[in-house]
1. Given the conditions (1) free of Cβ contacts under 8 Å to residues at least 60 places away in the same chain; (2) surrounded by fewer than 19 Cβ atoms within 10 Å (Cβ to Cβ), which single one is not true for Pro137?
2. It is to be established whether one or more residues within segment 77-85 are in a helix (DSSP H, G or I) and at pLDDT below 75.
3. In segment 210-250, how many are in contact with a strand residue (DSSP E or B) (Cβ under 8 Å, 6 or more places away or on another chain) and closer than 22 Å to Asn404 by Cα?
4. Quick one: Phe188 ticks every box in (1) more than 30 Å from Ala106 (Cβ to Cβ); (2) of a type outside the set (A, V, I, L, M); (3) within 18 Å of the chain's Cα centre (by Cα) except a single one, so which number is it?
5. Can you name every residue in segment 251-276 that is out of contact with any strand residue (DSSP E or B) (no Cβ under 9 Å at 6 or more places or on another chain) and either among the hydroxyl-bearing types (Ser, Thr, Tyr) or over 21 Å from Met221 (Cβ atoms) (or both)?
6. Would you check if Ala97 is modelled with pLDDT of 90 or more and surrounded by fewer than 16 Cβ atoms within 10 Å (Cβ to Cβ)?
7. Run down Ala215, Ala191 and say which single residue is touching a Lys or Arg at 6+ places or on another chain (Cβ under 9 Å), over 15 Å from Ala443 (Cα atoms) and not in a loop (DSSP other than H, G, I, E, B).
8. List pairs: first residue in segment 238-256 and assigned to a helix (DSSP H, G or I), second residue among the charged types (D, E, K, R) anywhere in the structure, Cβ distance under 8 angstrom, at least six positions apart or on different chains.
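The values are calculated or read from the model by the stated rules, or taken from the named source; none is laboratory data. The structure displayed is predicted, hence computed values, not measured ones. Neighbour counts are summed over all protein chains in view; Cβ atoms, including those assigned to glycine, are modelled from backbone coordinates with ideal geometry.
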Amino acid sequence: MAKPEYKSAPFQSPGLLIGVGLFITLILGMLLALFVNGAGGRVGIMLAFPAAIVIGFIFILDRYLLFFLIVLFRSSMDKVLEATKFGSFGLGAVLNALLILIAFIALIQRPGPATKVLKQTWLAFLLIAGVSVLVAPEFMTALKSYLALVSYAAIFSLAISLIRTEEDFGRWMRAVFFSSIIPVIYGFVDAANGGYHSFEGFRISSTFSHPNIFAFYLVLMISLSFYFFKAKASYIPLFIRRTIPIYIFIMFALLIMTKTRSAWASCFAFFLLYAIVYERKYLIWIAVASVVAFMIPDVRDRITDLAQGNEVINYSKLNSYAWRKMIWTQGLMWMEPSHYPVGYGLESFIHYSVSFFTMSGGVAMGAHSVYVQLLFETGILGLLTFIWLHLRLGFLLKPYYQTNKLMIFTAIMFLLEFALNSYSDNMLAYLSFNWYLWFVLGAIYAVGRIRKQKVDELLADTVVTPPGQSVAQSPYVTMPRASARNRNWRK
């Protein structure tokens with residue numbers, strides 16, 4: 001089947017692309033040069049200037065090469081990008097802007113399913129969130145948060161736009177998988193250096209800015225690596241594929257050292273549901289692993305910690321979950337009914353927390369729950385459209401289940417894991433993790449669509465369907481099912 005020809009668009013002009021790239025490089029270079037003058041000799045900020053020039057030239061020469069490098073190395077760059085910040089601006093903002101621009105160009109040059117899927121999933125939520133920027137108490141902070149949300153939709157659409165064949169899917173999945181190597185190696189370096197300093201004791205964050213982000217990234221990579229192993233994915237080199245169980249075990253060890261309970265819970269849920277749906281023998285391994293994990297003092301302490309500190313008595317210390325419930329309750333009770341529809345604006349929860357949270361001590365604090373945050377900041381409409389975004393994507397993936405059973409199961413589990421983690425964490429603020437999550441979801445949708453088209457075309461060659469019906473709707477067609485000897489659901 002020949003690749004579709006894309007419609008011409010102004011952005012296909014090489015001269016215009018070069019001009020846009022040079023303009024972006026010039027403006028960013030000037031801004032960063034000004035920042036360096038006031039940086040007080042900070043090495044990270046001084047290196048940001050030449051780095052911005054390099055990034056600009058890569059964008060000019062091949063914007064998809066730049067995007068490939070982002071996928072390959074963004075998981076290792078949180079702390080590096082943090083060092084380039086001057087105020088709230090740095091190289092991270094440059095990459096965000098270029099990613100959105102690359103996605104915008106791709107949507108124009110490659111009209112297809114990406115635009116349709118964006119309209120059905122992200123559009124409503126982004127519209128409500130965009131309105132909430134206008135009423136936010138801190139406009140620039142809200143705008144920055146909004147652009148992060150736009151970048152999640154952008155990388156989702158890029159996956160759908162760029163993956164046109166199964167070979168494309170394999171190349172991009174290799175890049176996602178190999179993106180984990182540096183964070184995994186550096187995780188042990190971080191542990192050897194004493195880890196992340198926290199009131200909760202020893203934790204590791206590896207290349208990420210916080211242990212929670214590293215933990216959620218690890219759960220994503222553990223789940224994806226397990227799929228590569230079970231599916232016998234040919235795009236992963238054979239030697240690496242055979243050693244994936246060892247790699248997963250290593251990531252499990254790092255996940256424990258993050259001390260992120262919600263990540264532990266979502267990882268447990270993934271393997272438990274897999275065992276129930278596909279291979280019951282894994283239930284034994286899950287039970288054994290649970291007992292072994294509970295024998296580890298740090299794990300046992302983190303779990304039993306939830307049984308104490310659930311009430312405010314004099315100066316007693318609340319556990320983290322009780323603390324969360326208190327800030328949720330006080331924040332939602334502080335809301336006025338007139339703000340229920342569209343909220344107080346993006347990033348308003350942390351802004352007003354010093355006013356409503358009795359334990360703030362004058363320090364602004366986040367909601368630590370996506371659902372509470374969105375209800376407060378974007379109102380009922382924002383929360384409902386956010387929930388709709390994930391439900392709709394799940395429904396869009398469902399028709400591809402018969403041809404990609406384990407892969408679609410994995411994608412649905414990613415959505416469920418995100419929903420579970422969003423209950424008790426600031427998931428929308430974890431940019432690097434969200435980029436990988438939404439890129440993988442977009443890639444799975446793209447390859448699922450490709451495989452179903454192949455099945456329909458194959459069946460169309462041998463089956464005559466009634467007028468007005470597709471092959472999948474035909475009463476004369478039975479889709480092949482998996483059996484003990486037929487493991488196509490794993491591919």
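1. Of the numbered conditions (1) free of Cβ contacts under 8 Å to residues at least 60 places away in the same chain; (2) surrounded by fewer than 19 Cβ atoms within 10 Å (Cβ to Cβ), the odd one out for Pro137 is (1).
2. Among the residues of segment 77-85, not one is in a helix (DSSP H, G or I) and at pLDDT below 75, which makes the answer no.
3. Residues meeting the conditions: 0.
4. Unmet condition: (3).
5. Ser262, Ser266, Tyr274, Ile276
6. Yes, satisfied.
7. Among Ala215, Ala191, only Ala215 is touching a Lys or Arg at 6+ places or on another chain (Cβ under 9 Å), over 15 Å from Ala443 (Cα atoms) and not in a loop (DSSP other than H, G, I, E, B).
8. Pairs found: Arg241/Lys232; Ile256/Asp298.
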